[in-house]
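Below: the structure, in structure tokens.
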Amino acid sequence: MLYIVATPIGNLEDITLRAISVLKSADFILAEDTRVTRVLLDKYNIGVSEALLLENPRSKASVVSYHQHSKFQKIEQIISWLKEGKTLAVVTDAGTPGINDPGNYLVMKALEAMPDLKIVPIPGPNAAITALSVSGFPSDKFIFLGFPPHKRGRRTFFQRINLLDDTIVFYESKYRILKAMKELQEFSLIGQRPVMVARELTKQFETIYRGTIDEVMLKLKRDNILGEFVIVIGPS
Ligand code: SAM
């Protein structure tokens, strides 16, 4: 059994009772960054560390790392655990595994090896949907664009936004948020379309910026723009 478990995007209380119980009962928790996941697990007294597992191989819910750079052997190991009938739970650093973080590839490989494998989603937080929920923009349909490419294709990403009339949601890192704002002004030509930038959702410095792209840009420049960001653009 393979569980895909959503975890908080900041506030550690945003975890479901079902997620806690699945994580407690899993034989292995596959974590993108074991140090990040450890903080969550410690809060809810779940699992043991990889080091403790070596001392006591029968400990429940050991935490092992699985990330985008994991070697083929790691995936083989995971698949062999599944074949032995072990229960595995996949978590990432934040939110729903597979949404712009590792997870999908493992599901694909596991299904290739075991087409009848039971894969169970444990729903929970997701940054894009959380931001969209407070945007006030039409959300009966919307377009999620993930992250803009860092280099090649970046300008095309922003030019394409100009052609999309629905509500648009995308992610950007703290290193490129101001650059992305400038590119929205310059290449997307969104003009008076309403924009919302959600910063540090569910965390201490949660801030929602609203206005035209020029207004939001001014507010972002004025503030100390650290943290994680979701950008939402309303329809024209
Ligand atoms: N799997 C995650 C999800 O379900 O939302 C997304 C992972 S992606 C690697 C990380 C990006 O999500 C960040 O760079 C940021 O754009 C967005 N993000 C994650 N947590 C956030 C938060 N608390 N506030 C705002 N944006 C966040």
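This table checks each residue for (1) at pLDDT 95 or above; (2) outside any loop (DSSP other than H, G, I, E, B).
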{"site": "Tyr3", "(1), (2)": "yes, yes"}
{"site": "Asn11", "(1), (2)": "yes, no"}
{"site": "Ile46", "(1), (2)": "no, no"}
{"site": "Leu53", "(1), (2)": "no, yes"}
{"site": "Val64", "(1), (2)": "no, yes"}
{"site": "Gln77", "(1), (2)": "no, yes"}
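To keep it simple, each residue is scored yes or no on (1) of a type in the set (A, V, I, L, M); (2) more than 30 Å from Phe187 (Cβ to Cβ); (3) away from the ligand (no atom under 14 Å from the Cβ).
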{"site": "Val91", "(1), (2), (3)": "yes, yes, no"}
{"site": "Lys109", "(1), (2), (3)": "no, yes, yes"}
{"site": "Ile122", "(1), (2), (3)": "yes, yes, no"}
{"site": "Pro125", "(1), (2), (3)": "no, yes, no"}
{"site": "Ile143", "(1), (2), (3)": "yes, no, yes"}
{"site": "Phe147", "(1), (2), (3)": "no, no, no"}
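Kindly indicate whether any position in region 143-151 is open to solvent by less than 80 Å² (accessible area, probe 1.4 Å), part of a loop (DSSP other than H, G, I, E, B) and at positive phi. Among the residues of region 143-151, at least one is open to solvent by less than 80 Å² (accessible area, probe 1.4 Å), part of a loop (DSSP other than H, G, I, E, B) and at positive phi, which makes the answer yes. When Ala131 is tested against (1) without any contact (Cβ under 8 Å) to a residue 40 or more places away in the chain; (2) under 25 Å from Arg210 (Cα atoms), just one condition goes unmet, and that condition is (1). Restricted to region 177-206, and to residues there that are open to solvent by less than 50 Å² (accessible area, probe 1.4 Å) and among the charged types (D, E, K, R), the residue that is farthest from the ligand (Cβ to nearest atom) is Arg193. Tyr209 meets all of the listed conditions (1) open to solvent by 30 Å² or more (accessible area, probe 1.4 Å); (2) within 13 Å of the ligand (Cβ to nearest atom); (3) touching a helix residue (DSSP H, G or I) at 6+ places or on another chain (Cβ under 9 Å) but one, namely (1).
The values are calculated or read from the model by the stated rules, or taken from the named source; none is laboratory data. In this text, all values refer to a predicted model and were calculated from it rather than measured experimentally. Note that we place each Cβ from the backbone using ideal geometry, even for glycine, and neighbour counts take in every protein chain shown. Heads up: the accessible areas ignore ligands, DNA and RNA and are worked out on the full protein's heavy atoms, side chains in. Shrake-Rupley method; radii C 1.70, N 1.55, O 1.52, S 1.80 Å.
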